[in-house]
Amino acid sequence: ISACLVGSEMCIRDRYGYGQYDEAAHRTAHFTPLPHFTGEAYQGGEKLPNPKLGWVTLNAAGGHPGNDREHAAIRRWISPIDGVVGISGAISHKQTEGDGVRACIISSRLGELASWNVFHMSAGTNLDGVDVKKGDTIDFLVDCRDSVLDDSFEWTPIIKAVAPAVAGDDGPAEWNAATGFAGPEPKRLDAWVKYAQVLLESNEFVFVD
């Protein structure tokens with residue numbers, strides 16, 4: 001499943017990874033894709049916690065940050081348009097133990113757009129009038145605070161294109177973190193594999209005289 005802008009020729013996939021928030025620059029310091037997909041979630045390996053990456057995981061509904069602030073869970077959207085978008089959703093931390101999580105929305109070009117600290121509560125994460133250029137990234141970053149205990153969170157942001165209008169579309173284009181969640185992109189076939197596939201589909205291979 002790909003996340004597409006309706007009416008656009010460009011079709012993109014979300015990125016699921018981990019990284020760190022730069023406190024001084026108010027930006028994402030680095031982003032690394034999570035290496036393992038279980039069929040339901042991206043994480044550091046087959047088992048949690050992973051020896052290197054800890055508890056960091058992302059799924060369709062939310063996830064869990066890693067054991068320290070160098071391993072924040074990051075859901076990344078890459079803009080396929082020049083325009084203006086609106087962001088809606090809510091970050092939720094339901095546990096009564098621990099000290100909650102910090103959630104940030106960060107533009108690669110504009111820096112931090114907003115942040116929230118949530119503990120045993122939900123907070124709306126709605127932003128209007130966010131300017132984007134093709135190739136810009138918007139990171140939905142969640143890290144632990146002082147403790148990684150009970151840091152599971154739910155966050156399914158939605159991005160809607162406000163302007164410009166997308167040709168052939170009656171309404172705003174939309175990206176939905178929950179419905180757009182997908183596994184890794186299938187590996188592309190090289191030229192020799194494609195050639196072999198064409199040969200196997202030819203009459204000479206299908207029919208025997």
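The values are calculated or read from the model by the stated rules, or taken from the named source; none is laboratory data. It should be emphasised that the depicted structure is a prediction, and the values quoted were computed from it without experimental measurement. We place every Cβ from the backbone using ideal geometry, glycine too, and count neighbours over all the protein chains shown. The accessibility values were calculated without ligands, DNA or RNA, using every heavy atom of the protein model including side chains. Shrake-Rupley method; radii C 1.70, N 1.55, O 1.52, S 1.80 Å.
Could you list, in sequence order, all residues of region 136-165 that are without any contact (Cβ under 8 Å) to a residue 60 or more places away in the chain, farther than 15 Å from Ala72 by Cβ and open to solvent by 50 Å² or more (accessible area, probe 1.4 Å)?
Of the residues in region 136-165, the ones without any contact (Cβ under 8 Å) to a residue 60 or more places away in the chain are 136, 145-147, 149-150, 165.
Going one step further and asking which of them are farther than 15 Å from Ala72 by Cβ, we end up with 136, 149-150, 165.
Correct list: Leu149, Asp150, Ala165.
Considering only region 115-122, I want to know if a residue exists there that is of a type in the set (Val, Ile, Thr), more than 19 Å from Lys160 (Cα to Cα), open to solvent by less than 40 Å² (accessible area, probe 1.4 Å) and in contact (Cβ under 8 Å) with a residue 60 or more places away in the chain. Before you say what the answer is, go through the steps one by one.
In the first step, residues of region 115-122 are kept if they are of a type in the set (Val, Ile, Thr); the result is 118.
Going one step further and asking which of them are more than 19 Å from Lys160 (Cα to Cα), we end up with 118.
Checking which are open to solvent by less than 40 Å² (accessible area, probe 1.4 Å) leaves us with 118.
Remaining after also requiring in contact (Cβ under 8 Å) with a residue 60 or more places away in the chain: none.
No: region 115-122 contains no residue that is of a type in the set (Val, Ile, Thr), more than 19 Å from Lys160 (Cα to Cα), open to solvent by less than 40 Å² (accessible area, probe 1.4 Å) and in contact (Cβ under 8 Å) with a residue 60 or more places away in the chain.
Looking only at strands (runs of 3 or more DSSP E) that lie completely in region 84-185, which have at least 1 residues being among the charged types (D, E, K, R)? Give the derivation first.
On the way: elements: 90-93, 101-107, 111-118, 121-124, 127-132, 137-144, 153-155, 158-163, 174-176.
Fully inside region 84-185 and qualifying: 101-107, 111-118, 127-132, 137-144, 153-155, 158-163, 174-176.
Give me the residue from region 19-37 that is of a type outside the set (Gly, Ala, Ser) and part of a loop (DSSP other than H, G, I, E, B) and, out of that set, surrounded by the fewest Cβ atoms within 10 Å (Cβ to Cβ). It would help to see each step written out before you state the result.
So the first thing to find is which residues in region 19-37 are of a type outside the set (Gly, Ala, Ser), and the list is 20-23, 26-28, 30-37.
This time we only want the ones that are part of a loop (DSSP other than H, G, I, E, B), so: 23, 26, 34-35.
Working: Glu23: 9, His26: 14, Leu34: 22, Pro35: 15.
Result: Glu23.
Among the residues of region 86-107, write down those that are open to solvent by less than 60 Å² (accessible area, probe 1.4 Å) and of a type in the set (S, T, N, Q). Break it down into steps so the answer makes sense when it comes.
Within region 86-107, the subset open to solvent by less than 60 Å² (accessible area, probe 1.4 Å) is 86-93, 95, 98-107.
The answer is Ser88, Ser92, Gln95, Ser107.
On the basis of being under 19 Å from Pro157 (Cα atoms) and either open to solvent by 50 Å² or more (accessible area, probe 1.4 Å) or modelled with pLDDT of 95 or more (or both), does Glu40 make the cut?
Details: under 19 Å from Pro157 (Cα atoms): yes; either open to solvent by 50 Å² or more (accessible area, probe 1.4 Å) or modelled with pLDDT of 95 or more (or both): yes.
Yes: the conditions hold for Glu40.
Out of region 52-66, which residues are touching a Gly at 6+ places or on another chain (Cβ under 7 Å) and surrounded by fewer than 18 Cβ atoms within 10 Å (Cβ to Cβ)? Before the answer, list the steps.
We begin by selecting, within region 52-66, every residue touching a Gly at 6+ places or on another chain (Cβ under 7 Å); these are 52-57, 66.
Residue satisfying the conditions is Lys52 alone.
Just give me the residues in region 39-64 being touching a Ser or Thr at 6+ places or on another chain (Cβ under 9 Å), part of a loop (DSSP other than H, G, I, E, B) and either closer than 20 Å to Ile138 by Cα or among the hydroxyl-bearing types (Ser, Thr, Tyr) (or both), in sequence order.
Answer for region 39-64, where residues must be touching a Ser or Thr at 6+ places or on another chain (Cβ under 9 Å), part of a loop (DSSP other than H, G, I, E, B) and either closer than 20 Å to Ile138 by Cα or among the hydroxyl-bearing types (Ser, Thr, Tyr) (or both): Ala60, Ala61.
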